[in-house]
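Notes follow once the structure below has been shown.
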Amino acid sequence: MPVDMRTYLGHVELANPITTAAGCAASGTELAQFFDLGRLGAVTTRSITMAPRAGRPTPRMAETPSGLLAAVGLQGPGVDAFLARELPWLAQRNVRTVVSIGGGTVAEYTALARRLTDAPGVTAVEVNLSCPNIEDRGRVFALDGAASAEVVASVRSVMRYDVPVVAKLSPDALDVVSVARACVDGGADALSMINNPLGMSIDTDAMRPSLAAVTGGLSGPAIRPLAVRCVWQVHAALPGVPIIGMGGVLTGRDAFEFVLAGACVVAVGTALFHDPYAGLRVLRELEEILAARGFHRLADAVGLAHRPPGATTRHRTDFEESPL
Amino acid sequence: MPVDMRTYLGHVELANPITTAAGCAASGTELAQFFDLGRLGAVTTRSITMAPRAGRPTPRMAETPSGLLAAVGLQGPGVDAFLARELPWLAQRNVRTVVSIGGGTVAEYTALARRLTDAPGVTAVEVNLSCPNIEDRGRVFALDGAASAEVVASVRSVMRYDVPVVAKLSPDALDVVSVARACVDGGADALSMINNPLGMSIDTDAMRPSLAAVTGGLSGPAIRPLAVRCVWQVHAALPGVPIIGMGGVLTGRDAFEFVLAGACVVAVGTALFHDPYAGLRVLRELEEILAARGFHRLADAVGLAHRPPGATTRHRTDFEESPL
Amino acid sequence: MRETPVTPVQVTGTVLTTRRVDAYHALTVVAPGIVERFRPGHFVAVAVGGPGTSMLTRRAFSVHDVKPDYGGTVEFVFTAGGPGTAWLAERRARDTLDLVGPLGRPFPLPRDPVTCVLVGGEYGSAMLFAVADALQRRGCRVDFVLGAASADRVFGALRARRMGETTTLTTEDGSLGMRGRVTDVLPGVIADVRADAVYACGPMEMLRGVTAVAVEFDIPVQVAVEERMACGIGVCMTCVLPVIGDDGVTRMVRSCVEGPVFRGERVRFDDVGTIPFDALGAPGGGTRHAG
Amino acid sequence: MRETPVTPVQVTGTVLTTRRVDAYHALTVVAPGIVERFRPGHFVAVAVGGPGTSMLTRRAFSVHDVKPDYGGTVEFVFTAGGPGTAWLAERRARDTLDLVGPLGRPFPLPRDPVTCVLVGGEYGSAMLFAVADALQRRGCRVDFVLGAASADRVFGALRARRMGETTTLTTEDGSLGMRGRVTDVLPGVIADVRADAVYACGPMEMLRGVTAVAVEFDIPVQVAVEERMACGIGVCMTCVLPVIGDDGVTRMVRSCVEGPVFRGERVRFDDVGTIPFDALGAPGGGTRHAG
Ligand SMILES: Cc1cc2nc3c(=O)[nH]c(=O)nc-3n(C[C@H](O)[C@H](O)[C@H](O)COP(=O)(O)OP(=O)(O)OC[C@H]3O[C@@H](n4cnc5c(N)ncnc54)[C@H](O)[C@@H]3O)c2cc1C
Ligand SMILES: Cc1cc2nc3c(=O)[nH]c(=O)nc-3n(C[C@H](O)[C@H](O)[C@H](O)COP(=O)(O)OP(=O)(O)OC[C@H]3O[C@@H](n4cnc5c(N)ncnc54)[C@H](O)[C@@H]3O)c2cc1C
Ligand SMILES: Cc1cc2nc3c(=O)[nH]c(=O)nc-3n(C[C@H](O)[C@H](O)[C@H](O)COP(=O)(O)O)c2cc1C
Ligand SMILES: Cc1cc2nc3c(=O)[nH]c(=O)nc-3n(C[C@H](O)[C@H](O)[C@H](O)COP(=O)(O)O)c2cc1C
Ligand code: FES
Ligand code: FES
């Protein structure tokens, strides 16, 4: 029996729980060479900024054990070009699109949200809070619950009511649960985690930092334990809030780990750099794992690892209606 | 030409910069089966507590990509047994011993320091600040600069003047530099970083957390980029303070990365679980790397990656006295 | 019945042969240094994944057999389950393998020529043949009870039949021997052969049952336990279980160095996976913070 | 001189042969699907490390040669430097290798039978023979200039001598050909053969020099650049360099999809590794935050 893979981000239904992670699928056209993007639950765009951005100098990447350090610096075409070319291209192909936005001030996020509110084809807006707040000496919004909540509230207030606003959190926060709570109080319909923790590596031949930007974001399986911990903690504190889980998902098993921790959507990022089909493969493997364990619905597995010791799994109740 | 590998932790000279990481070499006797511990710059003990501790239930470990999640819970014999058996055993063998201490209150740390102050064979005291503060709802000391400084100041005040006090920091702090600064202001003679960030994994067969304690500390090469970043940031802010760098050191190259970032001592932890000789091997490899790059002294490489772009390496000045 | 610990060594061995034995894989590795020091009950810790691997921890395997050939070979038997054992299952002759061993406290052997029942569950049987051999060389009588879920998971039935005075097999699905578990047949065997001691290796649940039977018959039982291990050499403190000491005090002891062999009645099987409230240093007894 | 992009495929290929060529390793992989789509200048992205590896990113290699044998083989040539290439150097015949390709913008070929100088530095020469072949099939005359630090690092000198009208070799230590760099001899070659175009592949510094020479002679130059890449398929944005577009605007373009082949004079070699202040979206031009 096939597993019902539908999931919800606020009021929005997605056909399945797999999306690309922000900034890991460029404009969408690149992966579309390999497969039909519409087969994913959603595609998340890179973080769109008001103006075009050239990003950081190279080297922008360094490999670390089971990880990738990157400092791209939100290179992108700016919102005008995005709305003129990238979003319509996705919309024409009926790709569910989560638009990620990044800004340096509350006003910039708000202006971006305003530009998106009438654009056709926006399934949800993900607020990338891991941007430096230029009004607070470059301190990253996501580290500060109040600053994060202010951005989220402002974006929520201008965004169309039927487009969920997702707040994307960072594991570098002192207490990810309190930032999550502030964002939800500010109006976030869902939460996304984790963005990359800050890391660094040194080229021991050149005896200099490997990245031109000195520090960068760490992604890949190396950070999965941090990501699962954040999803777990936030789901435990805010069980009703939909979570997009991500951080080092390479396989269906990894996606299942996030689902069990409490994520109802799972994003695949760095894995796409290695395997352009990673999204589809993870989806297929996740469905196989669910089926093998007797789940009929993805929804029954979300947060299941939180059940008290000794409790039977929730989906077992389904057996009453089944011939198993 | 051999490289001068001597290094200093405050006023204390170590023959070389390699130590074991706290809690990764049990009582010392286990590794002594494989080699003479005196060949390491120092041995760091597990974190000693006042009372004996049974630690956490099992499972206590789970493997993650390039990492290890562990929740041992400071299992140990307590300070009496440590002073009666473990420390004298190390002292008899002339092993330079950094004694790590862990407590639940400032008073407990202080009492431990008092017990150590007259004990022969204490080369330095490392204050493990990653313990929950039972007077602040279990909040880990290391996350809070003021709480950390209070512990450090109290330990410093009772410890013999000629025994350096090292504050061990956590990457989970919101701003590791400000905690570092608070500890130094509180009297820390040196800093040690990083302790394990909090992580979690889920056993997808059992559909439960892999660890009995649910969350655990993540160690191993997966966290090296976080560790290098912390050492870099703190060395940049406090260039005069000696740093013990650690987190995922498997090879001499990895140790060199920490040295270039600013560490004058490098600790080997999780690698010992895989290779009991890891400490000696890392030392040999580090010395080879230094020699191959023309360094005569380890000290010339400490923090070298911070030199401004275009600057020649400091040790090049040595070439004037050499036939190269 | 105490043995002095031996010093383990780290060896980069060469795989001599690989074979499948029903549901199991067996690897024979040329590993001089380990062989001389080996006693029955020892295990080895094997590095997996090769250069650049993401797998940091060694995998522990009981030594099935040692031979003097080629300077000394070690054989171990395993199920390919997770990624580390899957990697091991792909090794071929002439590949190198990094082993640390011999590790752990071996089985103590009786001084007198007594009768011993050796009980093995699943791949746990593999380590018993070296025990049997040592016992027989001391003039002991050896009887086997081997069990598993199904016939293909019963390891070493033929060899047991050759070595043991009697061999009783059990499978849960009845595909070989008696349908049931080793503990169903063990009391009968102990009574029939008038056993003086029991040696057991297998899943924790089985060891608990075997210990209960031996205690009932009031004969000594030595069990080799299995806990998740990160190091195998006593430094990581992850492999602990509650064991009652000579002084009557329960301590969380490391199964890799204080074990894996324990006197069965000393292991608090019901409390494995917990910190018993009366264990030395249990929360409530000592400091309260969690670390 | 524009080519339409081809759709890359992911293939689990089988290693057919491995060989050493002086300082280099060469692997021939059966990779059907890639071969049909191949054009000179394409590269492949190779997964390294095998199952359970800690190495996440593919390694990019120019395609040296493709052949129709066994359904299609791809050969690439590489130096074993870091852990990924060290792993590749240990591959043996019959091992499997996961490739994505063909990737990148290939070399545009002239419509007319003109004279082309092909300049290669180190392993950069490897990709030039497919270019030479395609040029010759169009009736072009081909001359080679190949250089490296030392004789063992000059790749393909023999083949160049067979294929080219003339072949000029340079080494920095003088161990083969002229002592010096390719740019020392290139002006003479261009003048002698009355070259109409230059194709070049090699280190960035060499490409800069070659471009300067071609610009001096006012002939077109196509260069294949090399930037650190994490994906090779255009999604990670790590492989950018400043390139001047048809509209005169400098953009940070991806060398994996907009390149690796560019018109030399369009690449701002002096500014590689920086964001030129006049690049589209450069800090100061747009928003100021760092992201
Ligand atoms: C003393 C001892 C002797 C053993 N002898 C054998 C034997 O002869 N044959 C055999 O098939 N197996 C034996 N085991 C179990 C064997 O160690 C595990 O099956 C193996 O480590 C699992 O590795 P994996 O990569 O397949 O699984 P994973 O789940 O990927 O392993 C992840 C981590 O958990 C540890 N781990 C997982 N399961 C166990 C376990 N049961 N015991 C200890 N550590 C574990 C691994 O060492 C590794 O660090 C023994 C274990 C111990 C402690
Ligand atoms: C289009 C293109 C074609 C290339 N063709 C060849 C070739 O034919 N032969 C050859 O020997 N080399 C070639 N290279 C360089 C080759 O990709 C690197 O030498 C290789 O990736 C280094 O891997 P490593 O594991 O040895 O080093 P590591 O330093 O461990 O690599 C770490 C990471 O950095 C990336 N990286 C490091 N150096 C480079 C580099 N120079 N270019 C791109 N990525 C890099 C790797 O892909 C990997 O992600 C080419 C590069 C590009 C971009
Ligand atoms: C190269 C790269 C670029 C990224 N760009 C963005 C971005 O624009 N906005 C954002 O919110 N996150 C960005 N991220 C973070 C990812 O969306 C994701 O949160 C993170 O990488 C963890 O997932 P992963 O391990 O699967 O990659 C980027 C990550 C990488 C590696
Ligand atoms: C099993 C285990 C036990 C540890 N116990 C302690 C401890 O008692 N005190 C302490 O300060 N750090 C402890 N640590 C942290 C290490 O000292 C070290 O900071 C960390 O593991 C990072 O280094 P590594 O990656 O080399 O292991 C422990 C780590 C591990 C894995
Ligand atoms: S496995 Fe590390 S102490 Fe036993
Ligand atoms: S390598 Fe990823 S975009 Fe070019």
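The values are calculated or read from the model by the stated rules, or taken from the named source; none is laboratory data. All values reported here derive from a predicted model rather than from experimental measurement. Don't worry about glycine lacking a Cβ; one is built from the backbone with ideal geometry, like all the others, and counts go over all protein chains shown. With ligands, DNA and RNA removed, areas are computed over all heavy atoms of the protein, side chains included. Shrake-Rupley method; radii C 1.70, N 1.55, O 1.52, S 1.80 Å.
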query: Under a 1.4 angstrom probe, counting protein chains only, how are D:His42, B:His306, B:His11 ranked by accessible area, largest first?
result: B:His11, B:His306, D:His42
query: Between B:Ile194, B:Ile244, B:Ile289, which gets the highest mean-square fluctuation from a Gaussian network model of chain B, Cα cutoff 10 Å?
result: B:Ile289
statement: Taking N as the residue count of the protein assembly as shown, its alpha carbon Rg divided by 2.2 N^0.38 Å gives 0.98
message: Before we go on, tell me the buried accessible area for the B/A pair, both chains summed, 1.4 Å probe, in Å² to the nearest 100.
response: 3800 Å²
- request: Nearest 5 is fine: what % of DSSP beta bridges in region B:7-306 come out antiparallel, could you say?
  value: 45 percent
statement: For region C:231-239, Karplus-derived ³J(HN,Hα) couplings (6.51, -1.76, 1.60; θ = phi - 60°; whole Hz; x for glycine and proline) come out as 10, x, 10, x, 9, 9, 6, 9, 9
query: On average, how much area does the Cα convex hull of region C:238-290 cover when viewed from any direction, in nm²?
result: 3.9 nm²
Hull volume in cubic angstrom per residue (convex hull over the Cα atoms of region C:9-103): 88 Å³
field: Spread of Cα-to-Cα distances over 5 Å intervals beginning at zero, given as percent, for region A:74-136
entry: 4, 17, 28, 27, 14, 7, 3, 1, 0
- request: Read phi for every residue in region B:169-174 and hand back ³J(HN,Hα) as whole Hz from Karplus 6.51 cos²θ - 1.76 cosθ + 1.60, θ = phi - 60°, with x for Gly and Pro.
  value: 9, 10, x, 6, 5, 5
- line: Per the rule of 0.36 nm per residue minus the C-alpha distance, extending A:Ala292 to A:Arg85 adds in nm 70.3 nm
task: Order B:Asp203, D:Asp218, B:Asp300, most accessible first, counting only protein heavy atoms with a 1.4 angstrom probe.
output: D:Asp218, B:Asp203, B:Asp300
- prompt: Once both axes come from the Cα atoms, what is the angle between helix A:145-158 and the longest principal axis of chain A, in degrees from 0 to 90, rounded to 10?
  reply: 80 degrees
- prompt: Based on the Cβ-Cβ distance from B:Asn94 to C:Arg111, what FRET efficiency comes out when R0 is 45 Å, to the nearest 0.05?
  reply: 0.65
Full-extension gain in nm, B:Tyr161 to B:Leu174, via 0.36 nm per residue minus C-alpha separation: 1.6 nm
- prompt: For region A:7-306, which whole percent of the accessible surface, found with a 1.4 angstrom probe, sits on carbon and sulfur atoms?
  reply: 51 percent
- prompt: Based on DSSP H runs of at least 4 residues, each adding -39500 (n - 2.57), what is the mean residue ellipticity at 222 nm of the protein assembly as shown after dividing by all its residues, to the nearest 500 deg cm²/dmol?
  reply: -7000 deg cm²/dmol
query: Using a probe radius of 1.4 Å on protein heavy atoms only, what is the accessible area buried between chains D and A, both sides summed, to the nearest 100 Å²?
result: 3600 Å²
- prompt: Highest GNM mean-square fluctuation, chain D, Cα pairs closer than 10 Å: which of D:Pro51, D:Pro203, D:Pro276?
  reply: D:Pro51
task: At 1.4 Å probe size, with every protein chain present, just tell me what the per residue accessible area of region D:9-103 comes to in Å².
output: 37 Å²
- line: With the 1.4 Å probe rolled over protein heavy atoms, region D:238-290 has an accessible area per residue in Å² of 41 Å²
query: Per residue, how many Å² of accessible area does region B:7-306 show with a 1.4 Å probe?
result: 29 Å²
- prompt: Around B:Val140, which amide H atoms from residues at least 5 apart in sequence, or from another chain, sit under 5 Å from its own amide H, with H modelled in the peptide plane?
  reply: B:Asn133
statement: Computed over all unlike Cα pairs, the Kirkwood hydrodynamic radius of chain D in Å stands at 19.5 Å
- prompt: Taking the alpha carbon gyration tensor of chain A, what are the square roots of 5 times its eigenvalues, largest first, to the nearest whole Å?
  reply: 30, 22, 20
message: Ordered shortest first, which distances in nm separate the 7 Å Cα→C-beta label point of A:Gly310 from those of the other copies?
response: 7.1
- prompt: Roughly how many percent of the accessible protein surface of chain D is carbon and sulfur, given a 1.4 Å probe and a whole-percent answer?
  reply: 50 percent
- request: Along Cα-to-Cβ, 7 Å out, sits the label point; list in nm, shortest first, how far the one on A:Arg137 is from those in the other copies.
  value: 2.7
- prompt: Kirkwood Rh, region D:42-180, all Cα pairs: how many Å?
  reply: 16.5 Å
field: P(r) weight above 24 Å for region B:97-211, C-alpha pairs, percent
entry: 27 percent
field: D (Stokes-Einstein, µm²/s), Kirkwood Cα radius, region B:134-267, 0.890 mPa s at 25 °C
entry: 157 µm²/s
- request: Could you pull out every residue, at least 5 positions away or on a different chain, whose amide H is within less than 5 Å of the one on C:Tyr199? Hs are placed 1.01 Å off N in the peptide plane, and Pro or chain starts have none.
  value: C:Val117, C:Leu118, C:Val119, C:Gln222
Largest-first ellipsoid semi-axes for region A:200-249, taking √(5λ) over the Cα gyration tensor eigenvalues, angstrom: 33, 9, 8
field: Pairs of Cα atoms farther than 22 Å apart, region D:117-200, %
entry: 15 percent
- line: In a Gaussian network model of chain D with springs linking alpha carbons closer than 10 Å, the residue among D:Asp270, D:Asp246, D:Asp143 that fluctuates most is D:Asp246
- line: Accessible-area loss of at least 20 Å² in the complex relative to the chain alone (1.4 Å probe) applies, within region A:254-276, to A:Glu257, A:Leu260, A:Phe273, A:His274, A:Pro276
query: Using modelled backbone amide H atoms (1.01 Å from N, in-plane), which distant-in-sequence or interchain residues come within less than 5 Å of D:Ala60's amide H?
result: D:Val46
- prompt: Can you list the residues of region D:40-69 whose accessible area drops by at least 40 Å² going from the chain on its own to the full set of protein chains, with a 1.4 Å probe?
  reply: D:Gly52, D:Ser54, D:Leu56, D:Thr57, D:Arg58
